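Step one of this worksheet: look at the structure below.
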């Protein structure tokens, strides 16, 4: 099991941009988030998960504005992949997102559990 406290992920709309001739790129907000997540994951020293996983995410928004939880989930999963928590976010079989109380600046608490193989 891996438990991490991470900064609030940018929404998918501010994480990725589209090039005029096609193709997407990670915007500066996304790059900064990726860097922060990579540093936290490296400091935790967990091995790369190679099996199927369960991902529980408690999102503590920065304020009371209306916001879609799933707009933050993809950027979080991308950053965790980039940080080497797992090989690919395709490994996620069980995903739980919950909204929690507002925290100044926002944050997410993540618990990742490797699932046992099904018989």
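Just so it is clear, none of the values below were taken in a lab; they were calculated from the coordinates. In this text, all values refer to a predicted model and were calculated from it rather than measured experimentally. With ideal geometry, Cβ positions are generated from the backbone for all residues, glycine too; neighbour counts draw on all protein chains shown.
Ordered by the count of other Cβ atoms within 10 Å of each Cβ, fewest first, 34, 52, 24 give 24, 52, 34. Post the alpha-carbon centroid distance, the stretch 47-75 to the stretch 1-26, in whole angstrom. Measuring centre to centre over Cα atoms gives 12 Å. If R0 is 25 Å, the Cβ-Cβ spacing of residue 1 and residue 67 corresponds to a FRET efficiency of close to 0.35. The packing ranking of peptides 66-73, 9-16, 83-90, highest mean first, is 9-16, 83-90, 66-73, where packing means the average number of other beta carbon atoms within 10 angstrom of each residue.
With N as its number of residues, the stretch 33-77 has a Cα radius of gyration that, divided by 2.2 N^0.38 Å, comes to 1.41. Across the chain the C-alpha pair distances fall into 5 Å bins from zero in the proportions 2, 11, 21, 23, 20, 13, 6, 3, 1, 0 percent. Taking other Cβ atoms within 10 Å as a rough exposure proxy, 116, 100 sort from fewest to most as 116, 100. Cβ-Cβ distance of residue 14 and residue 50, R₀ of 35 Å, FRET efficiency by 1/(1 + (r/R0)^6): the value works out to about 0.65.
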